[in-house]
Amino acid sequence: MAEDLTRTSHGGGRASGPVGTAAFVIIGVLLLVLGSALRFGQPERIAWLQNFFVVFGAILLEAIPFVLIGAVASAIIEVFVPPGAFEKIGRLPTVLQLPCAAAAGMAFPICECGSVPVARRLLRRGLAPGAAVTFMLAAPILNPVVIASTVVAYHGRPDFWVIVLGRFALGFVVAVAVGWVTGAQRPDEILRKGTVDPDADDHTPEESRRSRFAGHIAGDFIFMGRFLVVGVAVAAAVQTLIPQTVVSKVAGLPILSILVMMILAFVLSLCSESDAFVAASFTQFGPAAQLAFLVTGPMIDIKLSALYAGTYSKGFLRATLITASVIILAGTLWVAVIWG
């Protein structure tokens, strides 16, 4: 499963698999329901449906441009940026490698699925495991495309600075902490035996490189877009179908609301370039719960769990899930105490 996810997210362009099927089914059902409602329904009876489509369309239209930008940026990094760009990090003192690796994530706008094979390549090139893991977790959450999408999604909101700065700061801390916890092993110990050598296609003709660039854009956009469709549909359904009294009761409980949003981020497996628009739609939840959603998704979700399990040795996934979850929960609880 992990290899399939990797291939799909980097040039395969396929939309197969359970998530792709779910996305197509959702789109088909929505079109069918909309057509039937317009043909046979009465306006007063389809108000909820109109509300659903308004929410669904608004979130989707805001998020799609950032998914496309992220796909282009990811393709540029994957195809044109040489691994040697990271060699200076490997020559730094150990105590500086993890913070510098996290900071390097700000310059490389790749999604969470793209960061896994990049980190694997860096490990095979000799970068310290802790630094490679830190970069892998930091890049999808600290890169400029994600920061820009978060700024746009929360522009004008009273919790704007709490979310934007909190996502950056907490993401940085979690990435460094996980890198420190999992980085004690050697590169050949942390990587799962039998993983494909990412250096196999380093020396390719220019024509092939251009073809790979286009293929990566198409593959990444389709891969991330189908998760976005599923996530936006769930967010719109929650806003439309679940009674607001129920949502408000859950949102009013600090610890439970944070845990619910963390679980939702894990299940939805959204692309980090677009998840801010989904998080911002959950207006009943406070900034702490929304921040938990925004930090959890790019670091630990269902699709990433499959990629981690297929790339790294036994125990890596467990250590990453536990470390990241504990720090995210603790950090967002502090946000809830300070800002409410």
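ILE222: open to solvent by 50 Å² or more (accessible area, probe 1.4 Å), out of contact with any Lys or Arg (no Cβ under 9 Å at 6 or more places or on another chain), among the hydrophobic types (A, V, I, L, M, F, W, C) and part of a helix (DSSP H, G or I), yes or no?
Values: open to solvent by 50 Å² or more (accessible area, probe 1.4 Å): yes; out of contact with any Lys or Arg (no Cβ under 9 Å at 6 or more places or on another chain): no; among the hydrophobic types (A, V, I, L, M, F, W, C): yes; part of a helix (DSSP H, G or I): yes.
No.
For segment 249-289, enumerate the residues that are under 14 Å from the mean Cα position of the chain (by Cα) and among the polar types (S, T, N, Q).
Once the filter is applied, which keeps residues that are under 14 Å from the mean Cα position of the chain (by Cα) and among the polar types (S, T, N, Q), segment 249-289 yields SER269, SER272, SER274.
Tell me which residues, restricted to segment 254-273, are small (Gly, Ala, Ser) and outside any helix (DSSP H, G or I). Step through it out loud before you land on a result.
We begin by selecting, within segment 254-273, every residue small (Gly, Ala, Ser); these are 257, 265, 269, 272.
Residues satisfying the conditions are SER269, SER272.
Counting just the residues of segment 109-128 that are farther than 24 Å from ILE302 by Cβ and of a type outside the set (A, V, I, L, M), which one comes out modelled with the lowest pLDDT? Can you show your working first?
Residues of segment 109-128 that are farther than 24 Å from ILE302 by Cβ, as a first pass: 122, 124-128.
Right, trim to of a type outside the set (A, V, I, L, M) and you get 124-126.
Numbers: ARG124: 73, ARG125: 70, GLY126: 73.
The qualifying residue modelled with the lowest pLDDT is ARG125.
So which of PHE277, PHE282, PHE266 ends up being closer than 21 Å to HIS155 by Cβ and free of Cβ contacts under 8 Å to residues at least 60 places away in the same chain?
Numbers: PHE277 fails: free of Cβ contacts under 8 Å to residues at least 60 places away in the same chain; PHE266 fails: closer than 21 Å to HIS155 by Cβ.
Residue meeting the stated conditions: PHE282.
Please pick out the residue among ARG192, ARG125 that is surrounded by fewer than 20 Cβ atoms within 10 Å (Cβ to Cβ) and touching a Pro at 6+ places or on another chain (Cβ under 8 Å). Spell out the reasoning first.
On the way: ARG192 fails: touching a Pro at 6+ places or on another chain (Cβ under 8 Å).
That would be ARG125, the only listed residue that is surrounded by fewer than 20 Cβ atoms within 10 Å (Cβ to Cβ) and touching a Pro at 6+ places or on another chain (Cβ under 8 Å).
Within segment 273-285, does at least one residue satisfy the condition of being farther than 19 Å from VAL55 by Cα and either modelled with pLDDT of 85 or more or open to solvent by 10 Å² or more (accessible area, probe 1.4 Å) (or both)? Spell out how you get there, then give the answer.
Of all residues in segment 273-285, those farther than 19 Å from VAL55 by Cα come to none.
For segment 273-285, residues farther than 19 Å from VAL55 by Cα and either modelled with pLDDT of 85 or more or open to solvent by 10 Å² or more (accessible area, probe 1.4 Å) (or both): absent.
Residue under question is LEU241, and the condition is that it be of a type in the set (A, V, I, L, M) and either over 20 Å from LEU304 (Cα atoms) or at pLDDT below 85 (or both); does it hold?
Here the answer is yes, as LEU241 does meet what is asked.
Any residue at all in segment 304-323 that is crowded, with 24+ Cβ neighbours inside 10 Å, assigned to a helix (DSSP H, G or I), of a type outside the set (Ser, Thr, Tyr) and in contact with a helix residue (DSSP H, G or I) (Cβ under 8 Å, 6 or more places away or on another chain)?
Taking every residue of segment 304-323 in turn, at least one turns out to be crowded, with 24+ Cβ neighbours inside 10 Å, assigned to a helix (DSSP H, G or I), of a type outside the set (Ser, Thr, Tyr) and in contact with a helix residue (DSSP H, G or I) (Cβ under 8 Å, 6 or more places away or on another chain).
The values are calculated or read from the model by the stated rules, or taken from the named source; none is laboratory data. Note that the structure is predicted; figures quoted are calculated from it, not measured. When we count neighbours, we look across all protein chains shown, and the Cβ atoms used for this are built from the backbone with ideal geometry, even at glycine. The accessibility values were calculated without ligands, DNA or RNA, using every heavy atom of the protein model including side chains. Shrake-Rupley method; radii C 1.70, N 1.55, O 1.52, S 1.80 Å.
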